[in-house]
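The values are calculated or read from the model by the stated rules, or taken from the named source; none is laboratory data. All values reported here derive from a predicted model rather than from experimental measurement. Cβ: placed from backbone, ideal geometry, glycine included. Neighbour counts: every protein chain shown.
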């Protein structure tokens, strides 16, 4: 309690008392003179009686403002002690005291005219109970009060533990006290390099009202969020996401961030939404080092070759991924990644690119008018002419040394498929009036619209359609008229 006796005011009161005392003494003297003729006055008894005429009262000032007067000084101290005791019952772990700036000035008066109850009630409202506390400041502005220095350090530690494990933090603090260099990281290992608070944190011992002093957990939550309590809103009929955001001073994006799992297009009446925008007072940035293995993707490379026909490809080298060890330095703020930098990389398996050779040789689509033998050897088993009562429009080639059927001249495939008695058939237009027909194939190797050079494989000799055995039926036409192939083959 800050009690003091105001000397200047007391001198003024004593001066006033002396003047009154002189006046009173004069009055007393007159009375004594009048009574002297009939009464014998005992001098020593008169002095004692005079002292009994005076009574002491106590004037109370709070921060220079007059509160009132009481008849007993002890009543003031008793009230302060009671106020402190009542507050102590609510805040048992705090060291409390009265910090009211009181001045008590005694005065001797003839008559006691004090209203102790009224004055003490007024004083009760003015008494300010405070506690020893530790103020935690952020960027030189007091943010929270905690119990003591130990609580302050625990708040700082708990803030760091929001982003890292206790083991990581302990290891980091141990390394800071060591002069040993860091060992190399193992593959798939992560190491904490540093924890940085973006804001300046400091503290100092101060007096604070007990109700303003937070626990460690409360202080950490407040510094993380900027609020002690997060408000929620219950969706009502007619509410839409943007309207709710606007009514609470938020953007739709901010409201969505606070309620990540909420579908803004399907709100339900009675659904609760968080509507308190969080603005951390302290931002924790963590720097970590991480070593991983990563694949080195192979590239597809294409090389051109004039020795291969256009449209033909050949894989020269099969591609395979390489492997590298990479060390990154990663920065995270409040749990969100804000940066990633490459520190070191080492190739442990070389990459092999996929190399494909692509032909560029252009095939002429116009024939020469001369026809090569369309099979691999063989002989003419049936010539053009009437046979079995009908016209045989071409020749048959059987018993070849190989079964590939080849284009007789340059041209473009105009038909490739099944055709009645021909079975599997290919027709090549040589773009000079001539067409050649290949029938009874077991399979077809070309498609309609494909340009083929002389000697290109068209399919495999077979016995599809109306056929008596494996052979090739070969025809030559010019402007739609069948001609004897034997007049053209060479």
### Message
Being without any contact (Cβ under 8 Å) to a residue 12 or more places away in the chain, within 18 Å of the chain's Cα centre (by Cα) and in a helix (DSSP H, G or I): is that true of residue 243 here?
### Response
no
### Task
Select from segment 425-443 the residues that are surrounded by 22 or more Cβ atoms within 10 Å (Cβ to Cβ) and more than 19 Å from residue 478 (Cα to Cα) and list them in ascending order.
440, 441
### Task
Can you confirm whether segment 205-212 contains a residue that is in the same structural domain as residue 150 (by TED's automatic domain parsing), in contact with a helix residue (DSSP H, G or I) (Cβ under 8 Å, 6 or more places away or on another chain), touching a residue at least 24 places away in the same chain (Cβ under 8 Å) and part of a helix (DSSP H, G or I)?
yes
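The rows are residues; the columns are (1) at pLDDT 95 or above; (2) farther than 30 Å from residue 298 by Cα.
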| position | (1), (2) |
| --- | --- |
| 354 | yes, no |
| 358 | no, no |
| 398 | yes, yes |
| 401 | no, yes |
## Note on the structure
For segment 138-156 the number of residues that are closer than 9 Å to residue 216 by Cα and part of a strand (DSSP E or B) is 1
### Query
All but one of (1) touching a strand residue (DSSP E or B) at 6+ places or on another chain (Cβ under 9 Å); (2) outside the structural domain of residue 407 (by TED's automatic domain parsing); (3) in contact (Cβ under 8 Å) with a residue 40 or more places away in the chain hold for residue 295; which doesn't?
(3)
### Task
Output the number of the condition that residue 247 fails; it satisfies all remaining conditions of (1) surrounded by fewer than 11 Cβ atoms within 10 Å (Cβ to Cβ); (2) touching a strand residue (DSSP E or B) at 6+ places or on another chain (Cβ under 9 Å).
(1)
### Query
Does segment 395-408 include one or more residues that are free of Cβ contacts under 8 Å to residues at least 40 places away in the same chain and within 15 Å of residue 485 (Cβ to Cβ)?
no
### Residue that is in a strand (DSSP E or B), surrounded by 14 or more Cβ atoms within 10 Å (Cβ to Cβ), under 25 Å from the mean Cα position of the chain (by Cα) and not assigned by TED's automatic domain parsing to the domain that holds residue 251, where the choices are 357, 329
329
### Query
Is segment 169-177 home to any residue that is closer than 28 Å to residue 142 by Cα, in contact (Cβ under 8 Å) with a residue 40 or more places away in the chain and over 23 Å from the mean Cα position of the chain (by Cα)?
no
## Note on the structure
Filtering strands (runs of 3 or more DSSP E) wholly in segment 413-489 for at least 2 residues that are in contact with a helix residue (DSSP H, G or I) (Cβ under 9 Å, 6 or more places away or on another chain) gives 434-444, 471-478
### Message
Looking at residue 217 and the list (1) surrounded by 14 or more Cβ atoms within 10 Å (Cβ to Cβ); (2) closer than 18 Å to residue 155 by Cβ, which single condition is not satisfied?
### Response
(1)
### Query
Which number in (1) in contact with a strand residue (DSSP E or B) (Cβ under 6 Å, 6 or more places away or on another chain); (2) closer than 30 Å to residue 409 by Cβ marks the one condition that residue 307 misses?
(1)
### Task
Please work out if residue 473 is at positive phi and crowded, with 20+ Cβ neighbours inside 10 Å.
no
### Query
Restricting to strands (runs of 3 or more DSSP E) lying wholly in segment 24-128: which have 2 or more residues that are at pLDDT 65 or above?
55-62, 65-70, 101-109
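Conditions (1) under 20 Å from residue 385 (Cα atoms); (2) under 60 Å from the mean Cα position of the chain (by Cα), marked per residue:
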position: 424; (1), (2): no, no
position: 430; (1), (2): no, no
position: 440; (1), (2): yes, no
position: 447; (1), (2): no, yes
position: 453; (1), (2): no, no
position: 457; (1), (2): no, no
position: 464; (1), (2): no, no
position: 480; (1), (2): yes, no
### Query
Do we find a residue being more than 25 Å from residue 444 (Cβ to Cβ) and either in contact (Cβ under 8 Å) with a residue 60 or more places away in the chain or outside the structural domain of residue 460 (by TED's automatic domain parsing) (or both) anywhere in segment 370-390?
yes
### Message
With within 29 Å of the chain's Cα centre (by Cα) and over 15 Å from residue 288 (Cα atoms) as the only criterion, which of 201, 195 stands out?
### Response
201
### Task
Determine if segment 192-214 includes at least one residue that is modelled with pLDDT under 95, surrounded by fewer than 12 Cβ atoms within 10 Å (Cβ to Cβ) and on the phi > 0 side of the Ramachandran plot.
no
### Query
Do we find that residue 355 is in contact with a helix residue (DSSP H, G or I) (Cβ under 6 Å, 6 or more places away or on another chain) and either farther than 30 Å from residue 432 by Cβ or touching a residue at least 40 places away in the same chain (Cβ under 8 Å) (or both) in this structure?
no
